[in-house]
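Working notes for the structure below.
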Amino acid sequence: PAPSDPGVLVPYSDASRELDSLESSGWGAWAIVGGEVVYVHGRWLPWELATLSINVLELAAMQFGTFTFIEHARSKGVPITHVMEFTDNTSAEHSAERGRPSSERMQALVTWRYARLMALQTFSSVERVASVDNDVADGLSRGGSKLADALRIMGSTRMAVRCLTVDPEVRSLEHLRSLK
């Protein structure tokens, strides 16, 4: 299916990890669903920032957005059958696309991801986007003035802009604490 097909979701995501700045370290994702721009964003918990690699955080951010947007689309009567995800992190891209990550934490995320996609009967393809072209997701992940810029850019589309809440089951990374 083409990205313009109504059953195809095209989310962009990003994570930021600044060890000396909890307020600048977060996650964000956005997509267009049913004629409106939807997005999610938040800050990493201190243990996530200290313990998890940027690769794990990038894959987690991608999943926060994708699964939130799929559920939102379905609640609006838009059946999503395919997802074409964009991330600026090669490790997250390769892990999600090929299903063979090298770390236990990435493997745990990919295993959960594949099970959830199968349960939702949704097919996924992941592509890398250059960081310079991922500016809206980057702004969502960094907060502050960059978040304000991302919101301004989304608002300039003349579409409704809606912030969604990530389901706690999707957001939780607790199962990664004991892994390497």
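Remarks
- Checked against (1) assigned to a helix (DSSP H, G or I); (2) under 15 Å from the mean Cα position of the chain (by Cα), LEU147 meets all criteria but (2).
- One residue from TRP47, TRP30 being open to solvent by 50 Å² or more (accessible area, probe 1.4 Å) and either closer than 23 Å to SER178 by Cα or in contact (Cβ under 8 Å) with a residue 40 or more places away in the chain (or both): TRP30
- Looking only at the range 15-27, and only at residues there that are of a type in the set (Asp, Glu) and within 25 Å of THR90 (Cβ to Cβ), the one that is least open to solvent (accessible area, probe 1.4 Å): GLU18
- Meets criteria (open to solvent by 50 Å² or more (accessible area, probe 1.4 Å) and over 23 Å from SER53 (Cα atoms)) for VAL161: yes
- Residue in the range 68-81 that is in a strand (DSSP E or B) and either open to solvent by less than 30 Å² (accessible area, probe 1.4 Å) or not hydrophobic (A, V, I, L, M, F, W, C) (or both) present: no
Listed here are the residues, each with its yes/no results for (1) more than 17 Å from ALA119 (Cβ to Cβ); (2) in contact (Cβ under 8 Å) with a residue 40 or more places away in the chain.
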position	(1), (2)
LEU22	yes, no
GLY26	yes, yes
GLY42	yes, yes
GLU58	yes, yes
MET62	yes, yes
ILE70	no, yes
PRO79	no, yes
THR87	yes, yes
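- Selection of the range 109-139 for residues being open to solvent by 30 Å² or more (accessible area, probe 1.4 Å), in a helix (DSSP H, G or I), small (Gly, Ala, Ser) and under 16 Å from ASN55 (Cα atoms) yields only SER131.
- Scanning the range 37-57 for any residue that is acidic (Asp, Glu), assigned to a helix (DSSP H, G or I) and under 20 Å from VAL126 (Cα atoms) turns up nothing.
- Residue in the range 95-108 that is at pLDDT 95 or above, surrounded by 15 or more Cβ atoms within 10 Å (Cβ to Cβ), touching a His at 6+ places or on another chain (Cβ under 8 Å) and part of a helix (DSSP H, G or I) present: yes
- Checking SER156, SER178, SER145 one by one, the residue that is under 20 Å from GLY34 (Cα atoms), polar (S, T, N, Q) and open to solvent by 60 Å² or more (accessible area, probe 1.4 Å) is SER156 and no other.
- Condition met for THR81 (over 28 Å from ARG152 (Cβ atoms) and not charged (D, E, K, R)): yes
- Flag set for ALA15, criterion: at pLDDT 95 or above and farther than 20 Å from GLY77 by Cβ.
The values are calculated or read from the model by the stated rules, or taken from the named source; none is laboratory data. The structure presented is a predicted model; accordingly, all values stated were derived computationally and were not measured. Cβ sites come from the backbone with ideal geometry, for glycine too, and all protein chains shown count toward neighbours. Accessible surface areas use protein heavy atoms only, side chains included; no ligands, DNA or RNA. Shrake-Rupley method; radii C 1.70, N 1.55, O 1.52, S 1.80 Å.
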